[in-house]
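Data first, discussion second: the structure below is written as structure tokens.
The values are calculated or read from the model by the stated rules, or taken from the named source; none is laboratory data. Because the structure is a prediction, the values reported are computed rather than measured. All Cβ positions, glycine included, derive from the backbone under ideal geometry; neighbour counts span all protein chains shown. SASA here: full protein model, heavy atoms, side chains in, ligands and nucleic acids out. Shrake-Rupley method; radii C 1.70, N 1.55, O 1.52, S 1.80 Å.
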Amino acid sequence: MCGIFGCALLNGDNSGEVLYNSLKRLEYRGYDSAGQATIDAGKMIVAKGVGKIDEVNSSQGLSRMRGKIGIGHTRWATHGAPSKENAHPHLDCSGRIAVVHNGIIENFMELRNALQERGHVFRSRTDSEVIPHLIEDFMRRGKGFVEAVRLAAENLRGSFASAAICLDEPDKIVCIRMESPLILGIGTIGNFCSSDIPALLPYTNKVIPLEDGDLAIVDARGIKILDWRTGSALEREVLEVSWSPEVAMKSGFAHFMLKEIHEQPMAIRNVLRGQRIYYELAASMLKRASKIFLVACGTSYHACLFGSYAMANLAGLTAHPVIASEFEAQCKNLIDGKTSVLAISQSGETADTLNAVRAAKARGASIIGITNTMGSSLTRLSDVYIGQNSGPEVGVAATKTFTAQVVVLLKLAMELARSEGRRNGAVDSLAEELSGLPSKMEAVIRASEERVKGIALKYSAKGSFCFLARGVNVPTALEGRLKLLELSYLPALAYPAGESKHGFIAVVEEGYPVIFLAPRDSTRDRILGNMMEMKARGASIIALIEEGDEELKQLADDFVEMPPCANELLYPAIYVIPLQLFAYYVSTLKGYDPDMPRNLAKSVTVV
Ligand code: F6R
């Protein structure tokens, strides 16, 4: 997730200052590098660099750039580490076209190879750089700037929100959109494009959110919108935004956490687009290993637990999940040159995880990292790493980054299964079902949010909760517990349901709330038995059940119906959503700030 801003000014030539101020408002979308391009006196001026916007401004003078028209970008690296070359804007070979892009171009390798064969020279390792070269290629073949952008859009596969400027038509910005947000702003000092509303608000509250397939031509006097698939003109409604800048930063949601819960379908679409080559590299390393450890802290450790189920079930591999801070004490004598450590860290900077990785590396283990932060310490320590592409997560509690980790691990387990020639039919049908996961997540959010809010209201005064599940749903139960515990400061519990008889059941008394994860899978009948045990002791049963499971509906005091999955390994990514929402609503009902729970930090860099 990156931030894009563009401006076409009527009178002033201070586009550098407008872009810089706007990029600062978009910094929450990414901040590993930044850059701007403006057209001044018939010349393309480009300035970019690594670091936060203010650092890049100090070294490159972003705010002093002149020109009536310009585009800017603040980056969250996906393809290519944070570096000056990989920072946007990217240029074509001639330096006459500049482009900023947010999203992932799935077919960039094939486009890049074809363009290189036609003589184009690439300067970065990004997928985005294919866009200016594609536009240039069509212009070399006699097309005008706008038509060349339209044809470029037709050739791109994946997600993109992109803005381009060109010396040949220096009065306009041409924008295209597919699956990544892009919003136009109609102002009095000129017109704008932005990947989010907050950056537009200082200039205008009149906005046009572009839709998939839209191409917009933005100049200082007006805006024209076409369908880039057909070339025909489109009318789009102008909306008046009444949000305060603070609410706008959260896209209208009350908290970043809620926004990030709602962003999960998009985050998973980005994971599904992740390049296969990284999974192949990681899988070939894991296949050669005689021992595999999955190492992480907190929520990322719950993803590890899921990963160990997925690898065992799909690929027949034993992968031991270990809490990072215990890794040395527990495993140091087991590590040798044939060991692989798969370390998972959203931030890539968690001290316990990095220490475990360093200890394993010192004993000759190979390291595979899964992280949301390119350029982090984990990427530097890893032999191979996979980016989870979730975009920055502002809420301290991990939400969208957890489901992204789960899906990365699932893809990796599928890659391992394929490379071992195991269960190809099952893996193929899982792959097909996985492609529908983002829509299923959207449906779950839509269908469950109000119901979960009601359940939160009914139970928020309880002093403790317990989450029970079996099989691959156990990591989800643990994650539901962690969310509730850290946001509501309640001593919540979670167990594999079978284990509940060996101690926890002593706690249960009249009205004690027990939350069951009860999909209609291989664990369902045993879960039913556990529900009866709890019910017999007076527990209040809150159950996540499969649509139409009448028997469980009868048994539960409250339930949330969930869609079915053919493959059990898909349950965690959808069953965690009502649990995240439950924690969020209990926290807000208690008057706490779910974005900043007390005593916690987003990245724990101390041991
Ligand atoms: C919980 C949470 C933490 C982190 C943990 C590891 O909501 O966010 O438990 O999961 O601190 O952080 P990373 O993944 O950055 O290593």
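Grab the other residues whose beta carbon is less than 15 angstrom from that of Lys52, score K and R as +1, D and E as -1, and report the net. The answer is +2.
A simple spin-label model places pseudo-atoms 7 Å from Cα toward Cβ; at Ala233 and Ala447 they are separated by 4.4 nm. Computing FRET efficiency as 1/(1 + (r/R0)^6) for Ser244 and Ala114, where r is the C-beta to C-beta distance and R0 is 51 Å, gives about 0.60. Under the shape rule built on the C-alpha gyration tensor, where the axes satisfy a ≥ b ≥ c, the stretch 304-365 is oblate, since a/c reaches at least 1.5 while a/b does not exceed b/c. For Glu326 and Ala351, a Förster radius of 22 Å and the Cβ-Cβ distance give a FRET efficiency of 0.95, rounded to the nearest 0.05. Neighbours of Tyr584 by Cβ distance under 12 Å: Lys/Arg scored +1, Asp/Glu scored -1, total -1. Reported to the nearest whole Å, the Cα centre-to-centre distance from the stretch 265-334 to the stretch 71-148 is 33. The distance linking the stretch 577-604 with the stretch 495-534 is 25 Å (Cα centroid to Cα centroid, whole angstrom). Both radii are taken from the alpha-carbon atoms of the stretch 3-249; with Rh as the Kirkwood radius, Rg/Rh is 0.93. The residues of the stretch 406-507 have, on average, 38 Å² of accessible surface per residue, using a 1.4 Å probe with all protein chains present.
For the stretch 456-575, the normalised intensity computed at q = 0.18 Å⁻¹ comes to -0.89 (log10 of I(q)/I(0), Debye sum over alpha carbons, equal scatterers, no solvent). A 22 angstrom limit on the alpha carbon distance is what I want to check against. Which of Lys291/Lys400; Lys52/Lys411; Lys52/Lys483; Lys287/Lys338; Lys458/Lys590; Lys332/Lys400 exceed it? Flagged as over cut-off: Lys291/Lys400; Lys52/Lys411; Lys52/Lys483; Lys332/Lys400. Mean residue ellipticity at 222 nm, helices only, the chain: -11500 deg cm²/dmol; runs of at least 4 DSSP H residues each add -39,500 (n - 2.57), and the sum is divided by the number of residues.
Convex hull volume of the C-alpha atoms in the chain, normalised per residue: 157 Å³. Taking a ≥ b ≥ c as the square roots of the eigenvalues of the alpha-carbon gyration tensor, the stretch 435-498 is classed oblate because a/c is 1.5 or more while a/b is no larger than b/c.
For the stretch 3-249, the per residue solvent-accessible surface stands at 38 Å², with DNA, RNA and ligands left out and a 1.4 Å probe. Once the chain from Glu550 to Ala461 is taken as fully extended at 0.36 nm per residue, the excess over their C-alpha distance is 29.2 nm. Once you reduce the stretch 191-233 and the stretch 541-571 to the center of their Cα atoms, the two points are 43 Å from each other. With both residues required to sit in the chain, DSSP beta bridges show an antiparallel share near 60%. Can you tell me how the stretch 1-135 classifies by the Cα gyration tensor, rounded, prolate or oblate, using a/c under 1.5 as the rounded cut? It comes out oblate by the Cα gyration axes. Pairs from the table (Lys462/Lys535; Lys43/Lys172; Lys440/Lys535; Lys250/Lys462) lying more than 21 angstrom apart at Cα are Lys440/Lys535; Lys250/Lys462. Taking DSSP loops as anything outside H, G, I, E and B, show the longest stretch in the chain free of GluC sites (Glu not before Pro) there with at most 12 other beta carbons within 10 Å. That would be 238-508. Taking the accessible area of the chain, probe 1.4 Å, and keeping the other protein chains in place, the carbon and sulfur fraction comes to 50%.
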